[in-house]
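The next block holds one structure in the form of structure tokens; read it before the comments.
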Amino acid sequence: LAWLSSRPCSASVRAGESVELSCYQNYTTLAFMYWYQQHPRNGLKLVASISTWMKNSYEEGYSEVKFEISRDNNGHSVMTIKNVTSKDAAIYFCLQNSVNSERLYFGSGTKLTVLGKTKNDKITPPTVAIFSPSKQEIQQKSKATLVCLASGFYPDHMKLFWKVNGAERTEGVGTDEFSTQNEGTYSLTSRLRISHHAAQTRNHKSEGSSIKGVVMGKNTYVNM
């Protein structure tokens, strides 16, 4: 089974610096490798394609001067983005396939955030709030949707997840794909939908039963 791994998962650099993104794969007969760029709310754009026997081929608008790509062996490639600017902030993916295969193997991607040149760009943790479900939804749909809002954070690096009674919850969770920017900071919203029966059941549990949204080490509890 072929797999790809992108490293790091995320990176923050200041404008004017360089950053290295790595791609590893375990299936060394996959000769072709491609690097893609995806800006928020936009589709994938091919940066360049490389193979084990041909010179790197760059798409229009991209060049080796800016995006230097090396491949020290079949299983490892590095793309160095030089003199980064705010326009380079995006998610970068690597993809591989073989000469005669129609299968495409994508890496998990690296999210690149570009900070200002000066250290006045301060890293700001989020303010986290959870909003209780509406009575109307409970009455009409027998469902309860909780909303977690993480706001005022910078840079745009955020991992948000839900815990129910200490265990991470993925079922019924919907998190915005992209953060929203507002006056230099970001916000991110996630929703957890549970059955009204489950909410009622928690009302009868022992003290300490809780739902919480967890983001960058900050917890907000809602007792049900």
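The values are calculated or read from the model by the stated rules, or taken from the named source; none is laboratory data. What you see is a predicted model; the values in this text were computed from it and never measured. Cβ atoms come from the backbone with ideal geometry, glycine included; neighbour counts cover every protein chain shown. For the accessible areas, the whole protein counts, side chains as well, though only heavy atoms, and no ligand, DNA or RNA atoms are used. Shrake-Rupley method; radii C 1.70, N 1.55, O 1.52, S 1.80 Å.
Computed values, structure above
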{"read-out": "So Ala15, is it at pLDDT below 90 and open to solvent by less than 80 Å² (accessible area, probe 1.4 Å)", "value": "no"}
{"read-out": "Qualifying positions in the stretch 57-87 - open to solvent by 50 Å² or more (accessible area, probe 1.4 Å) and among the β-branched types (Val, Ile, Thr)", "value": "Val65, Thr85"}
{"read-out": "Wholly within the stretch 108-224, strands (runs of 3 or more DSSP E) carrying at least 3 residues that are at pLDDT 80 or above and more than 30 Å from Leu44 (Cβ to Cβ)", "value": "127-131, 143-153"}
{"read-out": "Answer residue from the stretch 88-107, given it is at pLDDT 90 or above and within 19 Å of Gln25 (Cα to Cα) and is least open to solvent (accessible area, probe 1.4 Å) among those", "value": "Tyr92"}
